[in-house]
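First comes the structure, then the notes that go with it.
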Amino acid sequence: MAPQHPWWQTAVVYQVYIRSFADGNGDGIGDIRGLRARVGYLGALGVDAIWINPWYPSPMADAGYDVADYRDIEPAYGTLTEAQDLIDAAHAVGIRVILDIVPNHTSDRHAWFEAALAGDPAARDRYHVRPGRGANGELPPNDWQSVFGGPAWTRITDGPLQGQWYLHLFAPGQPDLNWENPEVRAEFEDILAFWFDRGVDGFRIDVAHGLVKAEGLPDGAQADAPQAMLQVEAQHPAWDQDGVHDIYRGWRSVAQRYTPERIFIAEAWVSSNERLARYLRPDELHTAFQFDFLRSPWRAANLRGVIDDAITSAASVGAPPTWVLSNHDVTRTVTRFSRSQPDHLVETDWERGRWSGEEPDHELGRRRARAAALVQLALPGTAYVYQGEELGLEEIEDLPDDVRQDPTWAQSGFTDVGRDGCRIPLPWNESEPTYGFADGPDAVTWLPQPGHWAEHSVEAQERDPDSMLHLYRAALKLRPSLWRDAGEVTWLDVAAEVAAFDRGGAQCWVNTGTADVTLPAGASVVLASSPGVDGVLPGDTAVWLQT
Ligand code: GLC
Ligand code: CA
């Protein structure tokens with residue numbers, strides 16, 4: 001059955017965190033060769049596209065989000081030739097390839113920043129370099145805080161710019177670019193074309209709401225520090241400035257030079273879905289992550305609210321809604337659902353598992369995560385699956401402090417454990433030491449894997465027809481015929497703890513409570529998140545029905 005929409009409006013996109021996906025050369029770090037060898041796995045899973053986290057040369061101050069050269073490949077990950085081969089291999093099995101572009105900041109080892117530090121005034125103007133405040137310029141130019149903690153400014157200690165400060169909304173190794181500078185704009189349009197020419201189908205835009213800062217870089221008041229980036233209430237002169245939209249109009253015209261048109265997905269943490277919709281106007285970006293779904297507690301009423309809101313606001317600008325349960329920045333879904341649930345949307349601090357000291361119940365979390373996946377995949381629009389979600393992996397919350405790599409840990413003064421716990425290398429088979437992540441008996445993974453992941457490995461789940469992996473495969477196989485071109489979401493009023501919707505014949509029901517709920521007589525269960533559903537829908541379970 002031919003799809004009725006362009007692919008990107010209904011796609012299931014699998015997020016490849018390349019460092020932790022699969023290692024092809026035994027050094028314990030995931031790479032392109034490892035990914036290339038698993039393209040068949042992704043094809044069998046049934047995804048439409050992959051989004052690969054940054055794979056460019058990087059000093060890894062922030063896991064590759066500090067890019068030293070946008071037109072090359074990080075040597076630990078491979079070569080440009082291997083990248084081309086990967087793109088072609090994915091295309092050969094019908095999988096589109098989306099890369100991650102990081103335009104808000106470069107690495108401090110990017111040639112531009114090195115030239116700026118060496119005193120080249122043209123290069124300096126591509127960044128935000130300012131004298132400090134105070135009698136001797138000893139105070140930062142404004143009060144902005146880094147998202148990772150501490151001031152968003154670092155003082156330059158030697159060379160021609162000694163004593164001046166540069167802006168970095170993230171790590172000190174990630175100086176912010178000055179998007180008022182036309183050279184910056186031209187450079188990025190050229191980088192987009194570089195990859196589009198190689199067949200890349202689109203870009204996920206990192207921190208898409210941050211590029212343009214309020215004129216004069218005014219104080220933002222500590223209470224609303226940029227640190228609050230992931231909190232939707234945040235209103236700050238560093239974020240979501242109106243001038244940013246002009247940049248994306250330019251990017252859209254680059255994408256339109258290609259056939260088929262290349263696409264963009266924005267990572268933009270803004271104060272409302274209405275603000276987000278502004279990024280999706282017809283001459284701007286195609287889609288944007290709507291993150292309220294991953295902030296929703298496991299409660300039918302909240303789920304229903306965020307789903308309605310996402311659909312309505314995307315529709316207001318003619319864009320498809322997007323559904324994300326987790327990614328490389330937040331606590332894994334299983335763990336988020338493995339503790340008692342609040343009655344409001346969660347903040348990321350809460351998500352990092354430190355909110356209550358309550359022990360996680362991973363079996364409960366896994367049961368809910370399975371149900372959540374069926375809800376996600378039944379909705380209109382595009383769905384993102386973060387690697388390991390299809391295996392039901394949990395957050396690793398007890399990493400030893402001395403192995404932590406996320407800059408958040410040090411920059412927060414060792415108070416925020418950061419995001420390493422959702423970035424653990426994947427378990428492919430049951431054999432230790434690396435569960436097949438890396439070849440060789442001596443391989444050591446870049447972050448340690450927990451002792452019990454053999455049972456969650458791909459190999460173990462292949463054998464178990466009730467595994468999470470089989471559930472994802474079944475759901476992705478059914479999705480095109482059942483949901484891809486189905487009608488709008490119409491809610492059915494069943495019970496307070498049940499969110500149930502009809503899309504023109506096919507229905508999805510989820511029970512977030514504990515009491516059994518009777519399913520409609522005559523409806524057939526096409527797929528259930530827990531085994532043994534018959535006539536009644538148990539708690540923490542979802543079903544797909546054909547009526
Ligand atoms: C985005 C990325 C995150 C990164 C940050 C800075 O939020 O998803 O991983 O640390 O941008 O580039
Ligand atoms: Ca490797």
* Counting only protein chains, not ligands or nucleic acids, how are ASP502, ASP48, ASP343, ASP31 ordered by accessible area (probe 1.4 Å), most first? -> ASP343, ASP48, ASP502, ASP31
* Structure fact -> Applied in sequence order to segment 180-192, the curve 6.51 cos²θ - 1.76 cosθ + 1.60 (Karplus, θ = phi - 60°) yields integer Hz couplings, x standing for Gly and Pro, of 6, 7, x, 5, 5, 4, 5, 4, 5, 5, 5, 5, 4
* Asked: Measuring with a 1.4 Å probe in the full set of protein chains, what accessible area per residue, in whole Å², belongs to the chain?
  -> 36
* Structure fact -> Semi-axes a, b, c in Å (a largest) for the chain, each sqrt of 5 times a Cα gyration tensor eigenvalue, come to 38, 25, 24
* Stretchable slack from HIS245 to THR157, in nm (0.36 nm times residue separation minus alpha-carbon distance) -> 28.1 nm
* Asked: Using modelled backbone amide H atoms (1.01 Å from N, in-plane), which distant-in-sequence or interchain residues come within less than 5 Å of TRP165's amide H?
  -> ARG130, GLY132, ILE156
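Determine the calculated [θ] at 222 nm for the chain from helices alone, applying -39500 (n - 2.57) to every DSSP H run no shorter than 4 residues and normalising by the residue count; nearest 500 deg cm²/dmol. Mind dumping the intermediate values first?
Values: 15 runs with 133 residues, N = 547.
Mean residue ellipticity at 222 nm (helix-derived): -7000 deg cm²/dmol.
Quick one: compute the contact order of the chain, relative version, from alpha carbon pairs under 8 angstrom and 6+ residues apart, as a percent. Please list the in-between numbers first.
Numbers: 1175 pairs, mean separation 73.4, N = 547.
Reported as a whole number, the value is 13 percent.
Can you tell me, using C-alpha contacts under 8 Å and at least 6 residues apart, the relative contact order of segment 488-546 as a whole percent?
Details: 116 pairs, mean separation 19.3, N = 59.
It comes to 33 percent, rounded to a whole number.
All other residues with a Cβ under 11 Å from the Cβ of ASP120 taken together, and with Lys, Arg as +1 and Asp, Glu as -1, what is their net charge? If you can, show how the numbers build up before the last one.
On the way: positive: ARG124, ARG126; negative: GLU114, ASP125.
Value of the local net charge: 0.
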* Nitroxide proxy distance, nm - points 7 Å out along Cα→Cβ at SER431 and ALA315 -> 5.3
* Model label zone, GLN341; criterion: amide N under 17 Å from point 7 Å along Cα-to-beta-carbon; scope segment 359-390 -> 360-379
* **Derived scalar couplings ³J(HN,Hα) [segment 78-95; Karplus, 6.51 cos²θ - 1.76 cosθ + 1.60; whole Hz; x for Gly, Pro]** => x, 10, 4, 5, 5, 5, 4, 4, 5, 4, 5, 5, 5, 4, 4, 9, x, 9
* Asked: When Lys and Arg each count +1 and Asp and Glu each count -1, what net charge do the other residues less than 14 Å away from GLY24, Cβ to Cβ, add up to?
  -> -3
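To the nearest 0.05, what FRET efficiency results for HIS91 and ASN136 with a Förster distance of 60 Å applied to their C-beta separation?
Numbers: r = 58 Å, r/R0 = 0.96.
For HIS91 and ASN136, the calculated efficiency is 0.55.
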* Accessible carbon and sulfur surface of the chain relative to its total accessible area, %, 1.4 Å -> 49
* With each pseudo-label sitting 7 Å past Cα toward Cβ, what's the LEU80-GLU274 distance in nm, one decimal? -> 4.7
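How high is the FRET efficiency between THR490 and ALA515 when r is their beta carbon distance and R₀ equals 35 Å, given to the nearest 0.05?
Numbers: r = 24 Å, r/R0 = 0.69.
E between THR490 and ALA515, to the nearest 0.05, is 0.90.
The values are calculated or read from the model by the stated rules, or taken from the named source; none is laboratory data. Treat the numbers as computed from the prediction; the structure is a model and nothing was measured. Quick reminder, even Gly has a Cβ in these numbers, built from the backbone with ideal geometry, and neighbours come from all protein chains shown. All accessible areas refer to the heavy atoms of the entire protein, side chains included, with ligands and DNA or RNA removed. Shrake-Rupley method; radii C 1.70, N 1.55, O 1.52, S 1.80 Å.
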